[in-house]
Amino acid sequence: MTDGTPHYTRPDVAAFLAFLNMQEGPKMEEMPPEGAREMFRAMGQIADVPRGEIAHVEDRTIPGPAGALPIRIYDNRPDREPGPVMVFYHGGGWVIGDLDTHDPYCAEAARQLDMPVIAVDYRLAPEHPFPAAPEDCEAATRWVADNVPCTGLVLSGESAGGNLTIATALTLRDKPASKPVIAIHPIYPAVTTRDDWQSYRDFGEGHLLTKGGMAWFGNHYAADPGDYRASPLDFPAEGLPPTLLVTAGLDPLRDQGRAYAAKLIEAGVPTSFREAKGNIHGYINLAQGIPSAKDDIRGALTILKAIVADANAAA
């Protein structure tokens, strides 16, 4: 059941979806988590661009709430004076995704923003259900504030990682880290456990992220809908830092992302909103399969760089 209006689909998006929807074999939600993780990694190797040249990439582990927590540090300069640092939380429904699936995007963000990017390999469900992921992200972000020479934190992530971006920002709003969060950039975030949205009905089949996939993620993650980290849409947003929120026009999560942008504006949070018209959920990992996604990535990072510059100037 759609709302009856035609939805613009870019030609390269239509071609990618046609290729994707012709593939035979089980759907992700019909697989065990480890099989779905392998499928996600394999899709990235086909559909994403290579990492490209970058001066410094370092894998290390840091202390986490349940043991060692892997992180990956990107910097396009071999050395720099302390400045803002981005902490990035990958997507994948809190069940799939890792440092490698989002490696090309993190390198691109480090190049375009000219700042270090630190990606967090938080624990995944169902082995580690809610709230393991937000607890790991909070701990890693506090570790960055304490141990990486920086003047402020920029939090970002996509999909489930967009949820973790907002959740971590809310936690640090109320219990600050040793460095301030100066901006956040949630990319097509999940902000509620509710699924009664027109965009769910319009794009819940055939657009990469499906209603069945969302239910599979949600059942594995087992989030508490009464917790602000699971459903930030239901909790106050006042006092969050300047925000760049991005949605995709053909995404089941589009309408909840729009609703959260509106909530931020109503709460007086300096908010920039962009929608990747005619594009699908997951596009930041699909820059080879959907070449126009490169423009969406570049456009958003250009705005984020300006937001960070303004925050630095005001500090």
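Read the figures in this text as sums done on the coordinates, not as results from a lab. Not measured: the values here are computed from a predicted model. Neighbour counts run over all protein chains shown; Cβ positions are idealised from the backbone, glycine included.
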Of Val154, Tyr221, His281, farthest towards positive along the dipole that unit charges on Lys, Arg, Asp, Glu beta carbons give the chain
Val154
Trypsin sites (Lys or Arg not before Pro) restricted to DSSP loop in segment 184-230 with at most 15 other C-beta within 10 Å:
Arg194
For segment 265-315, the Cα-Cα pair-distance distribution in 5 Å bins from 0, as whole percents, is 4, 18, 22, 18, 16, 12, 7, 2, 0
Mind checking which aspartates and glutamates have their Cα closer than 20 Å to the Cα of Lys277? Skip sequence neighbours fewer than 8 apart in that chain.
Asp3, Asp12, Asp48, Glu158, Asp202, Glu205, Asp251, Asp255, Asp295, Asp296
Estimated dipole of segment 1-77 in Debye, rounded to 20 [Cβ of Lys and Arg +1, of Asp and Glu -1, Cα centre]
220 debye
Long-range Cα-Cα pairs in segment 11-314 (distance over 30 Å), rounded percent
24 percent
Have a look at Ala140, Ala230, Ala55 and tell me which one the Gaussian network model of the chain (Cα, springs below 10 Å) gives the largest fluctuation.
Ala55
Taking +1 at the Cβ of each Lys and Arg and -1 at the Cβ of each Asp and Glu, which of Tyr188, His102, Pro70 sits farthest along the dipole of segment 11-314 towards its positive end, judged by Cα position relative to the Cα centre?
Tyr188
Any chance you could list P(r) for segment 79-231, counting all Cα-Cα pairs in 5 angstrom bins from zero, rounded to whole %?
2, 10, 19, 22, 19, 14, 8, 4, 2, 0
Loop-located chymotrypsin sites (Phe, Trp or Tyr not before Pro) in segment 1-88, at most 13 other Cβ atoms within 10 Å (DSSP):
Tyr8
Using the Cα centre as the reference, give the magnitude of the dipole from point charges on the C-beta atoms of segment 1-152 (Lys, Arg: +1; Asp, Glu: -1; all else neutral), rounded to the nearest 20 debye.
180 debye
Of every Cα-Cα pair in segment 163-216, the percentage lying beyond 18 Å is 47 percent
So which residue, out of His128, His90, His207, gets the largest mean-square fluctuation from a GNM of the chain using Cα contacts under 10 Å as springs?
His128
Top mean-square fluctuation among Val57, Val13, Val117, Gaussian network model of the chain, C-alpha springs under 10 Å?
Val57
Computed for segment 11-314: size of charge dipole around the Cα centre, +1 on C-beta of each Lys and Arg, -1 on C-beta of each Asp and Glu, debye to nearest 20, value 520 debye
For segment 79-108 versus segment 111-171, the gap between their alpha-carbon centres in whole angstrom
9 Å
Below 8 Å between Cα atoms, with a sequence gap of 6+, how large is the relative contact order for the chain in percent?
20 percent
